[in-house]
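What follows is one structure encoded as structure tokens, with my remarks underneath.
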Amino acid sequence: MKIQFKELILINFKSHSDTTVNFGERTDITGDNGEGKSTIPQSITWLLYNTDTFGSKLDPTPITYDSDETKVSLLLDADGKQVLIERVLKKGKSQCYVNEVPTAATKFNNFVNELFDKDLFLSLYNPNYFFTMHWEKQRAMLLQYISAPLKKEVLKHMLDKQSEVLEPLLKKQSIDDVKAANSDKKKRLDKQYIAAQSKTKTLKEQLEYHAPSVPLESLQAELKPLLKQRKELDEINDSASDVNIKINTLNTKIHNLNRERDSMKDDWALLKEEKIEDHCRVCKQPLQDDSLKAAEEEKQQRMDNFKASFNDVIAQRTKLEEELKTLEYIDVSETREKLMELQSKIDPLEKEIAKHKDYKHYVDQVEQAKAEEKECLETLNESIFILDSIKAYKAKEAELQAEKVQALFTTLSVRLFKQNKTDGEIKPDFEIEMDGKPYSKLSLSETIRAGLELRDVLSAQSELITPVFIDNAESITKFKEPLGQLILCRVVAEQKLKIERVDK
């Protein structure tokens with residue numbers, strides 16, 4: 001869109017009781033200080049936004065006289081369509097008009113905003129306005145017209161290893177999400193790695209503490225003959241124990257048989273003295289001869305059986321006594337003493353050998369701890385490498401974006417990013433420089449040239465062409481002709497206000 005000012009009428013606006021300005025391609029406004037030169041461009045921003053050219057509140061009422069009404073009218077052309085807008089201040093109340101139709105403030109503001117964004121218009125209209133905004137706002141305004149480098153473009157300019165690790169991650173997540181995930185992962189792995197190092201150190205200390213003092217081969221060589229001696233003594237002891245146990249067993253059996261024999265003697269006496277009843281135990285009738293004979297025979301049978309059992313017990317005892325005569329009790333007390341003495345030598349050796357087994361266990365634990373520590377470090381280093389690659393990505397992205405922005409300018413340098421000294425992170429920043437000097441350090445003429453170059457970049461990128469005014473134009477003798485109408489305010493000593501329209 002191209003905006004052109006056609007005619008401006010000021011009624012009781014500050015020092016202008018009735019002033020008309022007809023704009024050309026260039027409009028020269030000259031005069032001494034206090035003649036109202038700067039008031040003319042201010043009246044346009046008051047009309048549009050109720051502010052001065054820097055966006056601050058402005059009191060438009062006359063300075064040297066009283067008036068009931070202040071009025072500013074502007075006829076402008078927007079892409080060939082002419083629009084008349086007016087603002088009237090009467091008794092402290094403001095009324096706006098569009099094409100002479102009274103328009104509510106909200107509707108009027110919407111109408112103006114549809115023509116152009118406020119900050120953009122003020123930056124194009126007043127070359128110094130842009131630099132009054134916060135740097136973040138300046139940065140955002142400029143970058144809204146510059147597309148960020150594509151992921152593949154940034155990756156192409158990075159080291160191969162960094163590109164290889166980031167490319168698959170960036171297919172699933174944004175660079176900031178990848179950074180957040182790996183920053184969190186690194187924090188956890190830092191703690192895990194410290195814990196793994198501590199575990200390895202503790203196990204190494206235990207390994208040193210449990211380290212055997214005598215070589216295993218020496219211990220085994222010393223132990224071997226002792227074990228052989230113990231085996232031989234154990235065999236002797238076991239053999240003697242077998243004999244002694246057998247003697248004890250035979251004595252026990254003989255003793256039991258003697259007790260059984262004595263008991264049978266008592267039973268024999270009773271059996272022998274037992275009388276045969278001549279009456280039936282049940283019916284009490286006298287027994288007949290056959291019955292009496294049967295009873296006598298039954299007793300005799302029992303006596304014969306008893307004698308046979310008694311003789312068998314005597315035979316068993318005799319046999320055991322004969323076997324006992326063939327055995328001799330063996331005294332193993334000396335053998336046991338030797339075994340105890342031998343065992344006292346074996347025990348410390350076996351204890352030392354056990355240390356070797358425990359030591360192997362600690363060695364395995366240390367090796368496992370080292371492996372876990374190494375694995376943890378490798379995973380940690382992977383996250384660190386990813387985070388370093390992200391830093392490199394952001395740095396390269398910033399560099400490529402800065403190159404895009406810098407290509408728009410001829411004399412100005414633009415800084416979009418800065419690197420933190422503490423962590424090397426790339427952070428958004430914004431600074432306009434000319435000849436190596438920041439804008440805040442430029443002279444008046446340099447600030448005008450810098451502002452004109454910047455507003456032409458904004459105009460070209462936004463595709464919005466508006467008039468531009470240069471205040472204190474006498475301070476700059478040479479500059480590039482800006483896009484759009486040019487309004488020059490220049491001080492001429494001892495000269496009344498003079499407005500000249502210049503058409504090319």
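The values are calculated or read from the model by the stated rules, or taken from the named source; none is laboratory data. Fair warning: this is a prediction, and the values are worked out from it, not measured in the lab. Cβ coordinates were reconstructed from backbone atoms using ideal geometry, including for glycine residues, and neighbour counts include every protein chain displayed.
Are any residues in the stretch 1-60 under 60 Å from the mean Cα position of the chain (by Cα), in a loop (DSSP other than H, G, I, E, B) and more than 21 Å from A493 (Cα to Cα), and if so, which ones?
Applying the first criterion (under 60 Å from the mean Cα position of the chain (by Cα)) to the stretch 1-60 yields 1-5, 38-60.
The next check asks that each one be in a loop (DSSP other than H, G, I, E, B); those that pass are 1, 38, 50, 52-56, 58-60.
Listed by number, the residues that qualify are M1, N50, D52, T53, F54, G55, S56, L58, D59, P60.
I'd like the full set of residues that are among the polar types (S, T, N, Q) and closer than 27 Å to Q485 by Cβ, limited to the stretch 66-122.
T70, S73, Q82, S94, N99, T103, N109, N110, N113
On the given criteria, is D79 under 30 Å from A402 (Cα atoms) and acidic (D, E)?
no
How many residues does the stretch 436-453 contain that are within 13 Å of S123 (Cβ to Cβ) and either touching a Pro at 6+ places or on another chain (Cβ under 7 Å) or among the basic types (K, R) (or both)?
Of the residues in the stretch 436-453, the ones within 13 Å of S123 (Cβ to Cβ) are 450-453.
From what's left, either touching a Pro at 6+ places or on another chain (Cβ under 7 Å) or among the basic types (K, R) (or both): 451-452.
Count: 2.
Can you list residue pairs whose Cβ atoms sit under 7 Å apart, with the first residue in the stretch 487-504 being touching a residue at least 24 places away in the same chain (Cβ under 8 Å) and the second being small (G, A, S) and part of a loop (DSSP other than H, G, I, E, B)? Count only pairs 6 or more apart in sequence or on different chains.
What qualifies is C489/S38; L497/G36; R501/G24; V502/G24; D503/G24.
Hey, among V363, V414, V313, which residue is touching a residue at least 24 places away in the same chain (Cβ under 8 Å) and touching an Asp or Glu at 6+ places or on another chain (Cβ under 7 Å)?
V313
State which residue pairs qualify: first residue within 16 Å of K81 (Cβ to Cβ) and inside the stretch 92-112, second residue among the hydroxyl-bearing types (S, T, Y) and surrounded by 11 or more Cβ atoms within 10 Å (Cβ to Cβ) in any location, beta carbons under 9 Å apart, and separation of 6 or more residues or different chains.
Hits for this filter: F111/T103; V112/Y49.
Of all residues in the stretch 166-193, count the ones that are loosely packed, with under 12 Cβ neighbours inside 10 Å and of a type in the set (A, V, I, L, M).
The total comes to 0.
Between a residue in the stretch 122-148 that is assigned by TED's automatic domain parsing to the domain that holds L488 and any residue that is surrounded by fewer than 16 Cβ atoms within 10 Å (Cβ to Cβ) and not in a helix (DSSP H, G or I), which pairs come within a Cβ distance under 6 Å, given they are 6 or more apart or on different chains?
Matching pairs, first to second residue: Y129/F54; T132/F54.
I'm trying to understand the selection: among the residues of the stretch 55-72, which are touching a helix residue (DSSP H, G or I) at 6+ places or on another chain (Cβ under 8 Å), closer than 16 Å to K14 by Cβ and surrounded by fewer than 21 Cβ atoms within 10 Å (Cβ to Cβ)?
Selection gives L58 alone.
Identify the residue in the stretch 194-210 that is over 11 Å from V366 (Cα atoms) and of a type in the set (S, T, Y) and, among all such residues, is surrounded by the most Cβ atoms within 10 Å (Cβ to Cβ).
S198
Residues being surrounded by 13 or more Cβ atoms within 10 Å (Cβ to Cβ) and either among the small types (G, A, S) or not in a helix (DSSP H, G or I) (or both): count how many of those fall in the stretch 242-275.
The total comes to 0.
Answer yes if at least one residue in the stretch 443-459 is in a loop (DSSP other than H, G, I, E, B), in the same structural domain as N113 (by TED's automatic domain parsing), closer than 30 Å to T20 by Cα and free of Cβ contacts under 8 Å to residues at least 40 places away in the same chain, and no otherwise.
No, that holds for no residue.
Given (1) surrounded by fewer than 23 Cβ atoms within 10 Å (Cβ to Cβ); (2) in contact (Cβ under 8 Å) with a residue 24 or more places away in the chain; (3) touching a strand residue (DSSP E or B) at 6+ places or on another chain (Cβ under 6 Å); (4) hydroxyl-bearing (S, T, Y), identify the lone condition not met by T20.
So the condition that T20 fails would be (2).
Could you tell me whether the stretch 107-116 includes any residue that is buried (at least 19 other Cβ atoms within 10 Å of the Cβ) and modelled with pLDDT of 95 or more? Please lay out each step first, then the result.
First, pick out the residues of the stretch 107-116 that are buried (at least 19 other Cβ atoms within 10 Å of the Cβ): 108, 116.
Among the residues that remain, those that are also modelled with pLDDT of 95 or more are: 108.
Yes, the stretch 107-116 contains a residue that is buried (at least 19 other Cβ atoms within 10 Å of the Cβ) and modelled with pLDDT of 95 or more.
Give S147, S94 a once-over and let me know the one that is of a type in the set (S, T, Y), outside any helix (DSSP H, G or I) and within 24 Å of Q42 (Cβ to Cβ).
Step by step, each of S147, S94 is checked, and only S94 is of a type in the set (S, T, Y), outside any helix (DSSP H, G or I) and within 24 Å of Q42 (Cβ to Cβ).
Return the residues of the stretch 451-499 that are of a type in the set (G, A, S) and surrounded by 20 or more Cβ atoms within 10 Å (Cβ to Cβ); say none if nothing qualifies. So that I can check it myself, show each step before the final result.
Going residue by residue through the stretch 451-499, those that are of a type in the set (G, A, S) are 451, 459-460, 462, 473, 475, 484, 493.
The answer is G451, S459, A473, G484.
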